[in-house]
Amino acid sequence: MRRLFEDEERKRACVSRYVIEYGKERLELDLPEGSEAAVFTPPEGMAEPEAEAALREALEQPRNYPPLRRNVVPGDRVAIALDADLPEPKRVLDVVTEVLEGAGVDPEAITIVEAARNTGELLSGQRGEVAEVHDPTSRDRLAYLSTTKSGARVYLNRTLTDADVVIPVGLLRQDPLTGPHGPWSVLFPGLSDAETREARRRSLALDPRGAHFLEADAEAFEVGWLLGSQFQVGIVPGSRGPAGFVAGLAEDVRDAGLAVLDKTWTFRPDTRAELVVVGVGGNDGPAGLHDLIAALATANRLVQRGGRIVALSQVEGAFGPALQRLIAAGDRNDSRAVLRGHEDAPDFLQAQMLAHILDWADVYVASRLDADALEELSMVPLDRPEDARRLASRASSCLVVGRADRVRAMVRDDQSE
């Protein structure tokens, strides 16, 4: 874990040249002499042998909980609740299942349950573990667990409720749109019913400042307690592989994990800048529209009002119904008004955030999205990523943020909003 606590000043060092990565691409930016510039560089991550050793240590010496091997006995049915966003999950699963099997659990009694992902081949175990893709709409695969203190009836994936031991495994991250994420949220609402997931999405009242996105969801921990799932595994992401692991009691994983994120994935420049350049996505999988808008939300907390944001990405795909309404509206001055009454749209939160961002700053986007649609959204499509160099070279102040879709931005003593 030592590398997680390197001096934060390395993220804020003044530079005149910086290479920003986005997806599997990279671009070198030259900043003019005398300009005020600062950069955020995400933690790089561990090589595979080092990561495996760190994970084994976390499972053997968890926080405020017995080692994983002592949480199971022969004959137990074990469910691993897996984060669908975890890159290369097989490397983590191989270690976890090896520890379980070493404690006497039959490989055929281990079921890996996750939400749908783009590809399923990484789910297959090496020693016979069963994989299940969660379907929140299938009543046959859901079971009533209990009622929370607030009176909410909780339905979870039936494999979880039938298991003797449930082990959530998930990325630790601060999503600029939806807040803290970890193994607790993989369990709930991630593996609950469609109605609960939809209610959670609708309940995310948008706060442009993100002030209420700083704390983890308390109800998720209550559900974990009701299920008897107290041992959790959190993975701190890096730009190339995991940067660390936190295992143990759910609340301790939350507290320690968010503390590590605060040191490694939070950018605290002194002031806002005229220009903010952000990289979207990494080499751990394709980035989508959620990632792009999350990165823009990070940039929005860093840019001066009326300033410019440049997003470098390889994002592609179709716009959802709420974003389509913004496209149809044309004039961004009316954009938030046209979204009223369309809170049921699955991309409503993205569209509402984008409307706020476009009211604050000018946005330039390098992507594989439809250029005409971007222009209808009042964004400027960049024909070439290299055009970002020209914009950066003319800026009197500039902030550069790598992997901005995972960064929490906090300008020191900000009075701009």
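The values are calculated or read from the model by the stated rules, or taken from the named source; none is laboratory data. Computed from a predicted structure; not experimentally measured. Please note: Cβ atoms are built from the backbone with ideal geometry, for glycine as well, and neighbour counts cover all protein chains shown. Side chains included, ligands, DNA and RNA excluded: accessible areas come from the protein's heavy atoms. Shrake-Rupley method; radii C 1.70, N 1.55, O 1.52, S 1.80 Å.
Computed over the stretch 134-198, the percent of Cα pairs more than 19 Å apart is 35. Coupling constants for the stretch 157-170 follow from the phi torsions by the Karplus curve (6.51 cos²θ - 1.76 cosθ + 1.60, θ = phi - 60°), and in residue order they are 3, 5, 4, 5, 5, 7, 6, 7, 9, 10, 10, x, 10, x Hz; glycine and proline get x. For the chain, the calculated P(r), taken from all Cα-Cα distances in 10 Å bins from zero up to the bin holding the longest distance, is 5, 22, 30, 25, 14, 4, 0 percent. For LYS24, the aspartates and glutamates whose Cα falls under 12 Å of its own Cα, not counting residues fewer than eight places away in the same chain, are ASP284. Calculated FRET efficiency, TRP225 to ARG268, Cβ-Cβ distance, R0 = 45 Å: about 0.85 to the nearest 0.05. Summarising the amide proton neighbourhood of VAL166: residues at separation of 5 or more, or on other chains, whose placed amide H is nearer than 5 Å comprise ALA79. One decimal place: the segment THR178-ASP414 gains 82.8 nm when fully extended, by the rule 0.36 nm per residue minus the C-alpha distance.
Based on the Kirkwood radius over alpha-carbon pairs, what value in µm²/s does the Stokes-Einstein equation return for the translational diffusion coefficient of the stretch 337-417 at 10 °C and 1.306 mPa s?
Working: Rh = 15.3 Å.
Roughly 104 µm²/s, to the nearest whole number.
Which percent of the accessible area of the stretch 15-115 is formed by carbon and sulfur heavy atoms (probe 1.4 angstrom)? Could the numbers behind the result be given before it?
Values: 2100 of 4830 Å².
Ligands and nucleic acids excluded, carbon and sulfur reach 43 percent.
The calculated Kirkwood hydrodynamic radius for the stretch 232-286 is 13.4 Å, given to one decimal from all distinct C-alpha pairs.
Near the amide H of VAL277, within less than 5 Å, lie the amide hydrogens of VAL310, LEU399, VAL400, VAL401, all on another chain or at least 5 residues away, with H placed in the peptide plane. For the stretch 362-417, trypsin sites (Lys or Arg not before Pro) meeting the loop criterion (DSSP other than H, G, I, E, B) and having at most 14 other Cβ atoms within 10 Å: ARG368, ARG394, ARG412. For ALA361, the residues whose amide H sits under 5 Å from its own are GLY306, ignoring neighbours fewer than 5 places away on the same chain, with H placed 1.01 Å from N.
Here r is the Cβ-Cβ distance between ALA371 and ARG17 and R0 is 30 Å; the resulting FRET efficiency, rounded to 0.05, is 0.55. By the Kirkwood approach, averaging reciprocal distances over each pair of separate Cα atoms, the stretch 36-79 gets a hydrodynamic radius of 13.7 Å.
Please list, in order, the residues from the stretch 50-91 whose amide nitrogen is less than 15 Å from a point placed 7 Å along the Cα→Cβ vector of GLU108. Within reach of a label on GLU108, which here means backbone N under 15 Å from a point 7 Å along Cα→Cβ, the stretch 50-91 contributes 75-78. So if we plug the beta-carbon distance of VAL133 and GLU343 into 1/(1 + (r/R0)^6) with R0 = 22 Å, what FRET efficiency do we get, rounded to 0.05? Efficiency for this residue pair is about 0.20.
Between THR148 and GLU386, what is 0.36 nm times their sequence separation minus the Cα-Cα distance? Round to one decimal in nm. Could you put the intermediate results ahead of the total?
Details: separation 238, 0.36 × 238 = 85.68 nm, distance 5.26 nm.
Full extension from THR148 to GLU386 adds 80.4 nm.
Once the other residues with Cβ under 11 Å from the Cβ of ALA81 are scored (Lys, Arg +1; Asp, Glu -1), what is the net sum? Charge balance near ALA81 sits at -3.
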